[in-house]
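Read-outs throughout are calculated quantities, based only on the coordinates presented, and are distinct from any laboratory measurement. The shown structure was predicted, so the numbers you read here are calculated from the model rather than taken from an experiment. Neighbour counts run over all protein chains shown; Cβ positions are idealised from the backbone, glycine included.
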Amino acid sequence: MKPLLGKVALVAGATRGAGRGIAIELGAAGATVYVTGRTTRAQRSEYNRPETIEETAELVNKAGGQGIAVQVDHLDPDQVQALIARIEREQGRLDILVNDVWGGEYLTQWNTPVWEHSLERGFRMLRLGMDSHIITSHFALPLLIKNQNGLVIEMTDGTAEYNDKNYRLSLFYDLVKSSVIRMAKALSHELSPYKCTAVAMTPGWIRSEIMLEHFGVTEENWRDATEKEPHFVISESPRFVGRAVAALAGDPEAARWSGDSVSSGQLAQVYGFTDLDGSQPDCWRYIVEVQEAGKPANAEGYR
């Protein structure tokens, strides 16, 4: 079954991590997926990592969709405008926009007060994590609202409930991740007259390429990392949040979530999808009820 056959998606920031997982799962559901980012096989971004947008597009094709890689810096309005013009020229429509641009992993100074945090790195984080989303929405939404039932996903870290109650690592990180949630709420109001939906989405503890590298494991043996960090037992693959996005995109009643902040684990309970191992990790409930409660790591009942 290909519930998204004929649908056109743009995953902005699909080079790696959640963006790649989302692009693959949208492809698996039959969508044509434009995957954008700065790193290609010919040129690396400031991340200086090996993952490329061409690889992501190939994985979309392998999953059963059509992947189209386009190098775009989403902080450059001219590049984003050209991207949307190309999508309109080639497809005539845009049904799903996933604002996943981030790029702050190597900029965040963990648990560092603002008077000690680098202003240069902090403001770069704000630009990458917030301005890029706004620029992309500015140019993409006029195409998306031409048809009803369009969907915008604002990718962040943490649910609104969790982030409201917890300080998230630094002023800059906290501001970015909370602001993106508010963006989804604002967009839900602006899109409502056009019968389109905007939702803030967070994965749990995601096994991105960077996270696997940090723990010295692969997706195949990720459980070995629990020897170093026992609570990693609740982690999820990037495909899990991808399936959350695909489930929302395929739901004719997705508007019921408009303006909300949701997690991959929460939506798994509603839509019934699983991670690659058949489990349904509910990370944010686990973090509060187990990890922050000081209990021993144990994912029983949480995946």
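Overview of results
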| quantity | calculated |
| --- | --- |
| Taking the C-alpha atoms of the chain, convex hull volume expressed per residue in Å³ | 129 |
| Amide H partners (placed H, <5 Å) of G67, local residues excluded | V33, N61 |
| Point-to-point label distance, L171-Q148, nm (Cα→Cβ direction, 7 Å offset) | 4.7 |
| Members of K62/K185; K165/K185; K7/K62; K7/K185; K2/K177; K165/K228 lying beyond 29 Å, as alpha-carbon distances in this model show | K62/K185; K2/K177 |
| Where a label projected 7 Å from the Cα of R93 along Cα→Cβ would reach, residues of the range 30-44 with amide N under 17 Å | 30-34 |
| Translational diffusion of the range 1-140, µm² s⁻¹ [Kirkwood Rh, Cα pairs; Stokes-Einstein; 4 °C; 1.567 mPa s] | 84 |
| Estimated FRET transfer efficiency when R0 is 41 angstrom, pair Y106-L5 (beta carbons, to 0.05) | 0.60 |
| q = 0.23 Å⁻¹, the range 213-255: log10 I(q)/I(0) [Debye, one scatterer per Cα] | -0.76 |
| Linear extension gain, S192 paired with E213, 0.36 nm per residue minus alpha-carbon span | 3.4 nm |
| Computed over the range 1-58, Kirkwood Rh from alpha-carbon pairs, angstrom | 11.5 |
| Convex hull of Cα atoms in the range 146-199, direction-averaged projection (nm²) | 3.8 |
| The range 31-114, relative contact order in percent, only Cα pairs under 8 angstrom and at least six apart counted | 26 |
| Contact order normalised by residue count of the chain, Cα under 8 Å, 6+ apart, percent | 17 |
| Stokes-Einstein D for the range 177-303, Kirkwood Rh over Cα pairs, 10 °C, 1.306 mPa s (µm²/s) | 102 |
